[in-house]
1. Of the conditions (1) within 16 Å of the ligand (Cβ to nearest atom); (2) surrounded by fewer than 19 Cβ atoms within 10 Å (Cβ to Cβ); (3) modelled with pLDDT under 95, residue 241 clears all except one; give me its number.
2. Give me the residue from the range 2-22 that is exposed (fewer than 12 other Cβ atoms within 10 Å of the Cβ) and without any contact (Cβ under 8 Å) to a residue 60 or more places away in the chain and, out of that set, nearest to the chain's Cα centre (by Cα).
3. Surrounded by 20 or more Cβ atoms within 10 Å (Cβ to Cβ) and under 19 Å from residue 279 (Cβ atoms): which single residue out of 132, 114 fits that description?
4. Of everything in the range 201-224 that's closer than 21 Å to residue 259 by Cα and buried (at least 21 other Cβ atoms within 10 Å of the Cβ), which residue is farthest from the ligand (Cβ to nearest atom)?
5. Among the listed residues 287, 329, 305, which satisfies the condition of being more than 15 Å from the ligand (Cβ to nearest atom), touching a helix residue (DSSP H, G or I) at 6+ places or on another chain (Cβ under 6 Å) and more than 22 Å from residue 226 (Cβ to Cβ)?
6. Conditions first: (1) within 15 Å of the ligand (Cβ to nearest atom); (2) assigned to a helix (DSSP H, G or I); (3) within 23 Å of residue 264 (Cα to Cα). Residue 156 passes all but one, so which condition is the exception?
7. Could you grab me the full set of residues in the range 149-162 that are buried (at least 18 other Cβ atoms within 10 Å of the Cβ) and either within 19 Å of residue 319 (Cβ to Cβ) or not assigned by TED's automatic domain parsing to the domain that holds residue 187 (or both)?
8. Please give the helices (runs of 4 or more DSSP H) falling wholly within the range 248-344 in which 2 or more residues are over 14 Å from residue 71 (Cα atoms) and either in the same structural domain as residue 157 (by TED's automatic domain parsing) or touching a residue at least 60 places away in the same chain (Cβ under 8 Å) (or both).
Ligand code: NAD
């Protein structure tokens with residue numbers, strides 16, 4: 001664990017066991033240079049404490065990078081709850097977790113993540129103010145979609161073969177959930193042609209009817225000829241099986257952890273495909289959560305989301321200058337902001 005802490009440059013880690021509720025939780029605070037650490041609470045049935053600790057550290061680091069590139073006055077943190085094996089009282093568990101968060105006195109602000117729900121955030125909020133994504137906070141997905149749309153604008157400016165407008169361009173969208181559907185709305189309004197897929201046929205039909213989208217099968221989305229491929233469903237979808245199938249000029253979508261392994265960024269670069277690093281282009285949701293929590297205005301929020309376009313353009317410029325994949329450039333830019341290290 002201490003080796004992982006050192007390698008990730010993690011600030012501190014906190015563990016809590018509460019016998020009455022069965023809570024076994026870990027809070028990893030990666031970096032608080034820019035402000036309190038914000039990051040979601042994941043609750044899944046981990047098979048070992050080591051796995052839970054590894055997950056918390058890895059995810060907390062990712063949040064620091066994401067918040068820094070989004071220009072937020074926040075650090076990165078993440079919490080994980082090892083879901084109890086037998087039956088348990090969910091409300092009691094999250095109340096106990098809320099007390100744990102309160103003991104950290106605002107150094108960590110929690111939020112929703114895999115496995116946790118708005119009602120869980122409400123239970124936490126009964127114990128501490130250091131929580132977001134409660135039932136009074138609103139849905140971050142439209143802000144995420146807006147950020148991805150701004151990111152797509154950046155790809156238009158950066159790619160030599162793209163024009164200045166989305167009119168007539170083809171965007172293939174994978175996953176039509178909260179973010180994917182809202183993105184389709186924005187792209188359709190600009191006159192883009194949509195090719196869509198989802199394992200939920202109802203969502204596909206809605207896009208076909210409302211936006212005149214062309215539906216393709218779940219596996220066909222990778223090889224469909226298009227200008228931009230926008231993954232808005234699962235993570236890990238850019239891998240050795242899919243990258244060689246792509247017939248797009250750019251990849252720009254909301255899904256988290258799109259690259260299955262770090263070298264996938266290099267493979268995209270080698271194929272000449274412009275890749276918008278996922279944690280940069282999908283930061284609209286984090287911006288919404290953070291700024292709602294800080295009580296900032298919609299205007300300030302939109303300003304910050306719009307800035308995703310400029311940051312991404314800068315990433316693409318460095319990519320060209322240094323002939324290094326955008327995924328590495330984004331990491332280096334975040335490290336400069338966090339530690340003052342030089343890019344490249
Ligand atoms: P969601 O659950 O609402 O939507 C995901 C959609 O993907 C669903 O419609 C699902 O049926 C579809 N899907 C699942 N497997 C698929 C497959 N194999 N092929 C095609 N479609 C498939 O989730 P969301 O909130 O829209 O988030 C989408 C992605 O963006 C996720 O990776 C999420 O982590 C990421 N993200 C979301 C936000 C946000 O604000 N919601 C913020 C940052 C990142």
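The values are calculated or read from the model by the stated rules, or taken from the named source; none is laboratory data. Computed from a prediction, not measured in an experiment: that's the story for all the values here. Counting neighbours? That spans all protein chains shown, and the Cβs are built from the backbone with ideal geometry, glycine included.
1. With respect to (1) within 16 Å of the ligand (Cβ to nearest atom); (2) surrounded by fewer than 19 Cβ atoms within 10 Å (Cβ to Cβ); (3) modelled with pLDDT under 95, residue 241 is out only on (3).
2. 7
3. Answer to the selection: 132.
4. 222
5. 329
6. (1)
7. If the condition is that a residue be buried (at least 18 other Cβ atoms within 10 Å of the Cβ) and either within 19 Å of residue 319 (Cβ to Cβ) or not assigned by TED's automatic domain parsing to the domain that holds residue 187 (or both), then 150, 151, 152, 153, 154, 155, 156, 158, 162 are the ones that fit.
8. So the answer is 263-270, 284-293, 298-322, 326-339.
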